[in-house]
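Peer 1: This is the structure I have questions about; it appears just below.
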Amino acid sequence: DVALAAPRDIYGTLQGQIRPNSKGMDMTYANERNPVTAAALALRVPTLAESRPEEVDPLLRTLHAAQPRWDMVPVERRAEIMTNAADLLESRREALLALLLREAHKTLGDAVAELREAVDFCRYYAIQATALMRPETLPGPTGETNTLRLRGRGAFVCISPWNFPLAIFAGQVVAALVTGNSVAAKPAEQTVAIARAFVELLWEAGVPRDVVALVPGPGETVGAALVNHPLTTGVVFTGSTGVARHIYRSLAAKEGPIVPLIAETGGINAMIVDSTALVEQVVDAVIASAFRSAGQRCSALRLLCVQEEVVEEVLAMLGGAMQELTIGPAVDYATDVPPVIDAEAQAALLAQIARLEQGGARLLMRTAWPAEMQAMALTGSTEAGLVLQDDQRRDLHFVAPCIYAIDRIAQAREEIFGPVLQAVTWKADRLDALMDDLNALGFGLTIGVQTRIDGRAAHIAARSRCGNVYVNRNMIGAVVGLQPFGGEGLSGTGPKAGGPHYLLSMVAEQTVTINTTAAGGNAALLARAK
Ligand code: UN1
């Protein structure tokens, strides 16, 4: 049972005031009667100690020593343990969701989707591993048997981001574990509590304590020590393209086995809207893809490409929809657009917005701050960025959803990891040139297509290098098992998470060939022994 929080306003000082939101709901009531937001209001996120770099060596020795035993556990049993973990995730739903709201600033809707995704990863990889790791007898010449079996590769290092602190963290760790590897899991520094909750849950589900460890700490020290350790045999990373490159260099230079990197990185993701598109659907997809989660997804829409005949209509409706968005703390039931993760993220976004403006980009629209946020804003807040203190005296850093017009696609050179959308128009006879320009950016993660012309989506998909193509819908929230997720080029190395080939990158293949003829087999040995 979740105790209901004492009545108070989530902004801290506006106690007792009833605040109807833009949807006309009484949010004071919604916050305190909703079991998840009530639990989040009552929750204080614990501050957890970081690992020290000197702890990494003994830890990797332990993981290295424990891995062969774990690898010999039948895959069916490892899969059962991951299924137990999925059940535990579901049974602790409210507490985990509350933690996602408070620690990661997830809205309730995003938190629910993320928990679902974590559960799906556990169940999906359990099923995949059981099918994949069954030993296979290969047809061969008479006199020999050939058996191919897959086994774990050793000790894996999993480095995960703050934007999916439960789903991506769990996906990486469960994939490596279920295939017979031991794991050192380094969560993002901003979201250690949720990562710890999952590792404890894995122990409870049946993963031996010496097979998975949580190793929180800065990437530059703790992350580097993990990656550089000679006993590290695999690295899984989700985060920025720059850090992925850095890890690659470190792996190439380090002692010990040659270690491939499984990396999922950024994107400058476009949506192509042609003049036949259904405008209401476009607007719905743009709002969800560019501004939900405050744009802090690598899948998010960054570059809206609208055919010039419909640009006015699309922008007019989009402007209206943007004013309907409710910006606010994640623990507020009504919030559509939560704060960005921290002060550093806000500063980086505001600097990128300034660079856009200096580069000639024109502001088309920006969501206005709600009056009560403006009233409580700390000094230094502007129309673009605002800071306020929440009910626990923690600073919340907001960036207002905005759209900038640019003239050429090549102007969009960096990923802007927030609610900042760039828009460009294109002429009917320039679709292929547009595709060339998009491909030239070098990323290849997600792309959206909005059209009612038969064959156009297939044409765009064929010309695009993106790993995920979404037609006439939004471009975020890939479903495990249905929409394997990941990209090419600057967007990652593959294979795709939540897809049928992902686990293959985590296993070693071993072929055992046995001579079964009398001359080379046991019969000859036995005959000599007599
Ligand atoms: C990320 O944001 O780092 O489809 C990747 C989606 C998510 C994106 C995860 N799977 O929106």
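The values are calculated or read from the model by the stated rules, or taken from the named source; none is laboratory data. Fair warning: this is a prediction, and the values are worked out from it, not measured in the lab. When we count neighbours, we look across all protein chains shown, and the Cβ atoms used for this are built from the backbone with ideal geometry, even at glycine. Note: accessible area is taken over every heavy atom of the protein model, side chains too, but ligands, DNA and RNA are not part of it. Shrake-Rupley method; radii C 1.70, N 1.55, O 1.52, S 1.80 Å.
Peer 1: Enumerate the strands (runs of 3 or more DSSP E) found wholly within region 422-518, keeping only those where 3 or more residues are under 24 Å from the mean Cα position of the chain (by Cα), more than 28 Å from E357 (Cα to Cα) and within 16 Å of the ligand (Cβ to nearest atom).
Peer 2: 468-471
Peer 1: Checking the structure you have, find out if any residue of region 215-231 is open to solvent by 10 Å² or more (accessible area, probe 1.4 Å), at pLDDT 95 or above, closer than 22 Å to E90 by Cβ and away from the ligand (no atom under 16 Å from the Cβ).
Peer 2: no
Peer 1: Let me ask another. Counting just the residues of region 265-285 that are over 20 Å from D429 (Cβ atoms) and among the charged types (D, E, K, R), which one comes out farthest from the ligand (Cβ to nearest atom)?
Peer 2: Going through the qualifying residues, I end up with E280.
Peer 1: Here are some residues: A334, A321, A345, A288. Which one is more than 16 Å from the ligand (Cβ to nearest atom), open to solvent by 10 Å² or more (accessible area, probe 1.4 Å) and hydrophobic (A, V, I, L, M, F, W, C)?
Peer 2: A321
Peer 1: When region 450-473 is examined, which residues are found to be under 24 Å from Y124 (Cα atoms) and open to solvent by less than 50 Å² (accessible area, probe 1.4 Å)?
Peer 2: Selection gives C466, G467, N468, Y470.
Peer 1: Further question on the same structure: All but one of (1) farther than 30 Å from V212 by Cβ; (2) at pLDDT below 60 hold for V2; which doesn't?
Peer 2: That leaves (1) as the condition not met.
Peer 1: Mind counting the residues in region 379-409 that are closer than 23 Å to Q422 by Cα and not in a loop (DSSP other than H, G, I, E, B)?
Peer 2: 10
Peer 1: While we're looking at this one, here's another question. Do the conditions hold for A294, that is, is it within 16 Å of the ligand (Cβ to nearest atom), under 25 Å from N468 (Cα atoms) and at pLDDT 95 or above?
Peer 2: Yes, satisfied.
Peer 1: Checking the condition open to solvent by less than 50 Å² (accessible area, probe 1.4 Å) and either touching an Asp or Glu at 6+ places or on another chain (Cβ under 8 Å) or more than 30 Å from L97 (Cβ to Cβ) (or both), which residue from R355, R366 passes?
Peer 2: The match here is R366.
Peer 1: Here are the criteria: (1) under 30 Å from T179 (Cα atoms); (2) at pLDDT below 95; (3) surrounded by fewer than 12 Cβ atoms within 10 Å (Cβ to Cβ). Tell me which single one E509 does not satisfy.
Peer 2: Failed condition: (2).
Peer 1: Among residues belonging to region 58-67 that are of a type outside the set (S, T, Y) and under 30 Å from the mean Cα position of the chain (by Cα), point out the one that is surrounded by the fewest Cβ atoms within 10 Å (Cβ to Cβ).
Peer 2: Applying the filter and picking the extreme gives P58.
Peer 1: Output the helices (runs of 4 or more DSSP H) that fall wholly within region 121-236 and possess 1 or more residues being over 30 Å from L97 (Cβ atoms), or say none.
Peer 2: It comes to 224-228.
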